[in-house]
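Colleague: This is the structure I want to talk about, given as structure tokens.
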Amino acid sequence: MKKIEAIIQPFKLEEVKEALKAIGIDGMTITEVRGHGRQKGHKEVYRGQEYNVDLLPKVKVELVVPSARAEEVIKTLSGAARTGNIGDGKIFVYDVAEAIRIRNEDRGESAL
Amino acid sequence: MTSNLTGRIAFLLTSGSALLQAQQAAAQAPQGTDAKIAALEAAVKSAQSAGDNAWMLVSAALVLMMTGPGLALFYGGLVRKKNILGTMMQSFVLMALVTVLWAICGYSLAFGEGSFFLGDLRYLFLQNVGAAPNADYAGTIPHQTFMVYQLMFAIITPALITGAYAERMRFSAMMLFTTLWMFLVYFPMAHMVWGKGGFLNAYLGGKIPCFDFAGGTVVHITSGVSALVCAIYMGKRAGYPSDQMKPHSLTLSFVGACLLWVGWFGFNAGSALGASALATSAFVATHFGAAAGALGWMLAERIQGHKMSALGGISGAVAGLVAITPASGFVKPFPALFIGLAAGLVCYTIVVKVKQKFGYDDSLDAFGVHGIGGTLGALLTGVFATSAVNDALKNAAGQPAALGLIDGNGMQVVNQLIGCAIAAGLAIVGSLIALKISDAVLGVRLDSKEEQTGLDVSMHGEEGYNFES
């Protein structure tokens, strides 16, 4: 199993969700986060007081999928989240040791 | 003689809502033209009184609306979200606290006829303040209306200062400070400018006639200069200016500023103390001042290479309103536009350039907007005041007196300057004394943990926003 963690632009969330649903991926966890990579944010001015806003609002999407489907999910996700501009975000992939469904203690891929 | 009488009767009969009542009164009166005229004149007087009283009660309510919710929202939006309730409470509690002080002796100390500098205790506990008008101040409305209208000014003035010590003052100390400040600064200053026999009163026996229609010196210079004293005495907020201290909701500030704009019609046009043509003139000048102030500030931003901002627009409108306040019942519409524009440009410069240069933490710019805008407005009142707008002041020959520089009375600018200097001096001394005492008794500054936690939790045990509940 692989855990796919994607940091994306907030306004791309709906598109990403729809695209994943279309290939049969139902489960995911969404978190509102703030951060930046090479994108350096913007400047705000309040009564002459300047603030550099470098931590921008982003959405973190986390999902765990069978290893065999990881590549397909990554392609779908990055395709849906891409605008081609700086600030589109990143995807990180991790190995997952175990998955357990709390309701009935199913284990492994059948718990996904 | 006959035609003159007919003319008077015709005038009286056309005087609007008094008509029916007047006819009835006239019918009951004994036969005879003089008696009829007397009855008609009494009826017209009563109709005017009803109209004036209606406007003054509405004005009083409008001025209270400037403090809550107007100023509470304006300031509340400008602080960080952990401080919103605490900031709003600082305005709100003054609606309660100052009212009680006013009832006990504040009104008497401000408006009782006493010395040059302070009123006496003739209205202690509001005795002798009832339905009968006080002819010295407002001859057509109940004395009680005048009293409650002036109370609303006494409430907003210390509330303006809260912008300077925002996010770091202990709530109890702030209440003590304000109580002392009212006695040391506000009551004396209001008496000097507006009270009968006050040192600066232009109409009722003052030494130096200072024109202040609605509170440029009494409200804005006293509060603005005291704000600067507080900002310096209290010290900077922890982390200022390096930390992020962005306004947490300019949306709230925007609503608050627009409420201030609307409420200001009660503040300035209400200061005519009747539903008169002078009230209309002050209303127009007020609106024009606000409009030009908003554009002036945004223009200054553009010239400085910044974007024209929402906060800039509303700050400029408030600056324009502040500056037009002393002038509103004395100037024509175009001078009002000029005064507003000047306030937008000058206050921008103070808030954005001068504050950063000197590094004091006047957190919400109470000094930059009210102190500077009030001084500018008071001085320009001396320039643009004209008897063409306000002919209440008579010279020795019984003709309308020349008011400002444009009327040929250049001395008035000097008189205005003296008024500003007295207001500023009194504010500095009074604020320092009030701060010292409050600090010794309760400690004015939050400790660093309380400040870091925020006013809401550390002072009130609540939070402004509980989105998880």
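Colleague: For the stretch A:71-95, name all the residues that are among the hydrophobic types (A, V, I, L, M, F, W, C) and buried (at least 17 other Cβ atoms within 10 Å of the Cβ). First the steps, then the outcome.
Modeller: Applying the first criterion (among the hydrophobic types (A, V, I, L, M, F, W, C)) to the stretch A:71-95 yields A:73-74, A:77, A:80-81, A:86, A:91-93.
Passing the criteria: A:Val73, A:Leu77, A:Ala80, A:Ala81.
Colleague: While we're here: Could you please find all residues in the stretch B:169-227 being assigned to a loop (DSSP other than H, G, I, E, B) and touching a Pro at 6+ places or on another chain (Cβ under 6 Å)? Even if it seems obvious, please write down each step before you answer.
Modeller: Applying the first criterion (assigned to a loop (DSSP other than H, G, I, E, B)) to the stretch B:169-227 yields B:170, B:195-200, B:202-209, B:211-215.
Those that are assigned to a loop (DSSP other than H, G, I, E, B) and touching a Pro at 6+ places or on another chain (Cβ under 6 Å): B:Ala202, B:Asp212, B:Phe213.
Colleague: Please state which one of B:Gly266, B:Gly296 is buried (at least 24 other Cβ atoms within 10 Å of the Cβ) and more than 23 Å from B:Ala72 (Cβ to Cβ).
Modeller: On the way: B:Gly266 fails: more than 23 Å from B:Ala72 (Cβ to Cβ).
Only one candidate qualifies: B:Gly296.
Colleague: Assess whether B:Ser226 counts as being crowded, with 24+ Cβ neighbours inside 10 Å, out of contact with any Asp or Glu (no Cβ under 7 Å at 6 or more places or on another chain), more than 21 Å from B:Ser328 (Cα to Cα) and not aliphatic (A, V, I, L, M).
Modeller: On the way: crowded, with 24+ Cβ neighbours inside 10 Å: yes; out of contact with any Asp or Glu (no Cβ under 7 Å at 6 or more places or on another chain): yes; more than 21 Å from B:Ser328 (Cα to Cα): yes; not aliphatic (A, V, I, L, M): yes.
Answer is yes for this residue.
Colleague: Being over 15 Å from the mean Cα position of the chain (by Cα) and either surrounded by 24 or more Cβ atoms within 10 Å (Cβ to Cβ) or hydroxyl-bearing (Ser, Thr, Tyr) (or both) is the filter here; which residues of the stretch B:318-332 pass it? Give the derivation first.
Modeller: Applying the first criterion (over 15 Å from the mean Cα position of the chain (by Cα)) to the stretch B:318-332 yields B:330-332.
Across the stretch B:318-332, the qualifying residues are B:Phe330, B:Val331.
Colleague: Among B:Ala290, B:Ala282, B:Ala275, which is away from chain A (no Cβ under 11 Å), in a helix (DSSP H, G or I) and farther than 20 Å from B:Leu160 by Cα? Steps first, answer last, please.
Modeller: On the way: B:Ala290 fails: farther than 20 Å from B:Leu160 by Cα; B:Ala275 fails: in a helix (DSSP H, G or I).
Result of the check over B:Ala290, B:Ala282, B:Ala275: B:Ala282.
Colleague: Mind telling me which of the residues B:Ile141, B:Ile84 ends up being surrounded by 24 or more Cβ atoms within 10 Å (Cβ to Cβ), among the β-branched types (Val, Ile, Thr), in contact (Cβ under 8 Å) with a residue 60 or more places away in the chain and in contact with a Pro (Cβ under 7 Å, 6 or more places away or on another chain)? Steps first, answer last, please.
Modeller: Values: B:Ile84 fails: in contact with a Pro (Cβ under 7 Å, 6 or more places away or on another chain).
Every option except B:Ile141 fails the conditions.
Colleague: Which ones in the stretch A:19-72 are within 14 Å of chain B (Cβ to nearest Cβ) and more than 21 Å from A:Asn85 (Cβ to Cβ)?
Modeller: A:Val45, A:Tyr46, A:Arg47, A:Gly48, A:Gln49, A:Glu50, A:Tyr51
Colleague: Residue by residue through the stretch A:1-32, note down the ones that are in contact with a helix residue (DSSP H, G or I) (Cβ under 8 Å, 6 or more places away or on another chain), outside any helix (DSSP H, G or I) and of a type outside the set (Asp, Glu).
Modeller: Across the stretch A:1-32, the qualifying residues are A:Met1, A:Lys2, A:Ile4, A:Ala6, A:Ile8, A:Gln9, A:Ile23, A:Ile25, A:Met28, A:Ile30.
Colleague: Only one of (1) of a type in the set (A, V, I, L, M); (2) in a strand (DSSP E or B); (3) more than 30 Å from B:His306 (Cβ to Cβ) fails for A:Ala70. Which number is that?
Modeller: Condition not satisfied by A:Ala70: (2).
Colleague: Taking the stretch B:373-402 on its own, how many of its residues are farther than 21 Å from B:Gly340 by Cα and either without any contact (Cβ under 8 Å) to a residue 12 or more places away in the chain or touching a His at 6+ places or on another chain (Cβ under 7 Å) (or both)? Give the steps one after another, and end with the answer.
Modeller: Filtering the stretch B:373-402 down to residues farther than 21 Å from B:Gly340 by Cα leaves B:391-402.
When the remaining residues are screened for being either without any contact (Cβ under 8 Å) to a residue 12 or more places away in the chain or touching a His at 6+ places or on another chain (Cβ under 7 Å) (or both), the result is B:391, B:394-399.
Counting residues in the stretch B:373-402 that are farther than 21 Å from B:Gly340 by Cα and either without any contact (Cβ under 8 Å) to a residue 12 or more places away in the chain or touching a His at 6+ places or on another chain (Cβ under 7 Å) (or both) gives 7.
Colleague: Tell me the residue from B:Gln416, B:Gln412, B:Gln399 that is modelled with pLDDT under 95 and either at negative phi or of a type in the set (D, E, K, R) (or both), please. Talk me through it step by step, then tell me what you get.
Modeller: Working: B:Gln416 fails: modelled with pLDDT under 95; B:Gln412 fails: modelled with pLDDT under 95.
Of B:Gln416, B:Gln412, B:Gln399, the one residue that is modelled with pLDDT under 95 and either at negative phi or of a type in the set (D, E, K, R) (or both) is B:Gln399.
Colleague: Can you tell me which of A:Lys3, A:Lys12 is away from chain B (no Cβ under 14 Å), touching a Leu at 6+ places or on another chain (Cβ under 8 Å), farther than 28 Å from B:Gly312 by Cβ and among the basic types (Lys, Arg)?
Modeller: Going through A:Lys3, A:Lys12 in turn, just one is away from chain B (no Cβ under 14 Å), touching a Leu at 6+ places or on another chain (Cβ under 8 Å), farther than 28 Å from B:Gly312 by Cβ and among the basic types (Lys, Arg): A:Lys3.
Colleague: Let me ask something else. Need the failing condition index for B:Gly239 against (1) in a helix (DSSP H, G or I); (2) within 14 Å of chain A (Cβ to nearest Cβ), just the number.
Modeller: That leaves (1) as the condition not met.
Colleague: Looking only at the stretch A:33-40, decide whether some residue is under 30 Å from B:Asp365 (Cβ atoms), polar (S, T, N, Q) and either assigned to a strand (DSSP E or B) or out of contact with any strand residue (DSSP E or B) (no Cβ under 6 Å at 6 or more places or on another chain) (or both). Full working, then the answer.
Modeller: Step one: filter the stretch A:33-40 for residues under 30 Å from B:Asp365 (Cβ atoms), giving A:34, A:40.
Imposing the further condition that a residue be polar (S, T, N, Q) reduces the set to none.
No: zero hits.
Colleague: Looking only at residues that are within 19 Å of B:Leu417 (Cα to Cα) and assigned to a loop (DSSP other than H, G, I, E, B) in the stretch B:306-365, which one is nearest to the other protein chains (Cβ to nearest Cβ)?
Modeller: Filtering first and then ranking leaves B:Ser328.
Colleague: How do the helices (runs of 4 or more DSSP H) wholly within the stretch B:31-138 filter down when requiring 3 or more residues that are within 30 Å of B:Thr280 (Cβ to Cβ) and hydrophobic (A, V, I, L, M, F, W, C): which remain? Reasoning before the result, please.
Modeller: On the way: elements: B:33-65, B:72-78, B:84-101, B:107-111.
Because the criterion is at least 3 residues that are within 30 Å of B:Thr280 (Cβ to Cβ) and hydrophobic (A, V, I, L, M, F, W, C), the helices (runs of 4 or more DSSP H) in the stretch B:31-138 that meet it are B:33-65, B:72-78.
Colleague: With respect to B:Ala166, is the statement that it is within 14 Å of chain A (Cβ to nearest Cβ), in contact (Cβ under 8 Å) with a residue 60 or more places away in the chain and part of a loop (DSSP other than H, G, I, E, B) true?
Modeller: yes
Colleague: Among B:Gly374, B:Gly368, which is the only one that is on the phi < 0 side of the Ramachandran plot, crowded, with 24+ Cβ neighbours inside 10 Å, modelled with pLDDT of 95 or more and more than 14 Å from chain A (Cβ to nearest Cβ)?
Modeller: B:Gly374 is the lone residue from the list that is on the phi < 0 side of the Ramachandran plot, crowded, with 24+ Cβ neighbours inside 10 Å, modelled with pLDDT of 95 or more and more than 14 Å from chain A (Cβ to nearest Cβ).
The values are calculated or read from the model by the stated rules, or taken from the named source; none is laboratory data. This structure is a prediction, so every number in the text was calculated from the model and none was measured. Counting neighbours? That spans all protein chains shown, and the Cβs are built from the backbone with ideal geometry, glycine included.
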